[in-house]
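The values are calculated or read from the model by the stated rules, or taken from the named source; none is laboratory data. Being a predicted model, the structure only gives us computed values, none of them experimental. Cβ: placed from backbone, ideal geometry, glycine included. Neighbour counts: every protein chain shown. For the accessible areas, the whole protein counts, side chains as well, though only heavy atoms, and no ligand, DNA or RNA atoms are used. Shrake-Rupley method; radii C 1.70, N 1.55, O 1.52, S 1.80 Å.
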Amino acid sequence: MISRSNLVRNTYRRKVAPTKLQFQTLFHSYATTMSKGSPYDAKIDSIEPLSNGKWIQTRKIKYTDPTGKPREWEMAVRTTRSETTNIDAVSIAAFLKYQDKPTEIVLTKQFRPPTEKVVVELPAGLIDPNESVESTAIRELHEETGYRGTFVKSSSSLIGVYSDPGLTNANMDLAVVDVDLSNPENQNPKAQLEDGEFIDVVTVPIDGLLDELHRLAKDEGCVVDARLYHFAVGIDVAKNYL
């Protein structure tokens, strides 16, 4: 059976004529970006100990618990936190609103070495020095997916959100962005990927997002970022259980 990533590449190269079922599967979550190479072609070569790195360092915390007992905690910290916002990164919920079909959300697929797998995620990126949450969301969405969006709102003005509080102090804002499909740049979006970035882009209907994530994981052997999965479960709960 031809894998989805190979089917996409071979279809565009006109080497394989997909069957009707393969064609439907291919465009059920259509890859809008296939530049440079597929994230599914990456592999782990080795894993080595690292004390303090360029992007992440480790710390030992000594603290006192509520009973007065001294304790210790090991943690990881990013070295890149923006002094402007005091936020490490922005995750982007970008919505495509059509006139003739249901609203879709933009997702990315990329190889994440710590997981040794391709991960389905929301577009996201670190906040650069002197950059705002708004400008980061617009920039990262365009760089990773090619879409030009309009910032709507973010979580940072309401609440602090931490990515994995048992491991790290890294925090992440959630920005909502609307994509105007009448914008010519959004008709055939082209990602602006950096060297070392290999990202596939898929757009998925919000209605049925959870089922689509399950299907992607089953069909492609990928995994899903916990924040995206919780987002999808929240939608499903609101629709079916409340």
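Worth a mention:
- Of the criteria (1) open to solvent by 50 Å² or more (accessible area, probe 1.4 Å); (2) in contact with a Gly (Cβ under 9 Å, 6 or more places away or on another chain), which one Asp207 fails: (2)
- Number of the exception - Arg139 against (1) open to solvent by 50 Å² or more (accessible area, probe 1.4 Å); (2) in contact with a helix residue (DSSP H, G or I) (Cβ under 8 Å, 6 or more places away or on another chain): (2)
- Any hit, region 93-112, residues being open to solvent by less than 40 Å² (accessible area, probe 1.4 Å), charged (D, E, K, R), in contact with a strand residue (DSSP E or B) (Cβ under 8 Å, 6 or more places away or on another chain) and touching a residue at least 60 places away in the same chain (Cβ under 8 Å): yes
- Residue count for region 52-63, restricted to those that are hydroxyl-bearing (Ser, Thr, Tyr) and either at pLDDT 95 or above or in contact with a Phe, Trp or Tyr (Cβ under 8 Å, 6 or more places away or on another chain) (or both): 1
- Enumeration of residues in region 198-242 that are aromatic (Phe, Trp, Tyr) and assigned to a helix (DSSP H, G or I): Tyr229, Phe231
- Condition broken by Thr108, with the remaining ones in (1) out of contact with any Ser or Thr (no Cβ under 8 Å at 6 or more places or on another chain); (2) assigned to a strand (DSSP E or B); (3) not hydrophobic (A, V, I, L, M, F, W, C) satisfied: (1)
- Inside region 152-172, residues that are part of a loop (DSSP other than H, G, I, E, B), of a type outside the set (Asp, Glu) and open to solvent by 70 Å² or more (accessible area, probe 1.4 Å) make up a count of 5.
- Residue list for region 185-197, restricted to those being part of a loop (DSSP other than H, G, I, E, B) and either of a type in the set (D, E, K, R) or surrounded by fewer than 12 Cβ atoms within 10 Å (Cβ to Cβ) (or both): Gln187, Asn188, Lys190, Glu194, Asp195, Gly196, Glu197
- One residue alone among Val119, Val177 is assigned to a strand (DSSP E or B), closer than 28 Å to Ala76 by Cα and in contact (Cβ under 8 Å) with a residue 40 or more places away in the chain, and that residue is Val119.
- Filter pass, Ser182 being part of a loop (DSSP other than H, G, I, E, B), of a type in the set (Ser, Thr, Tyr) and buried (at least 19 other Cβ atoms within 10 Å of the Cβ): no
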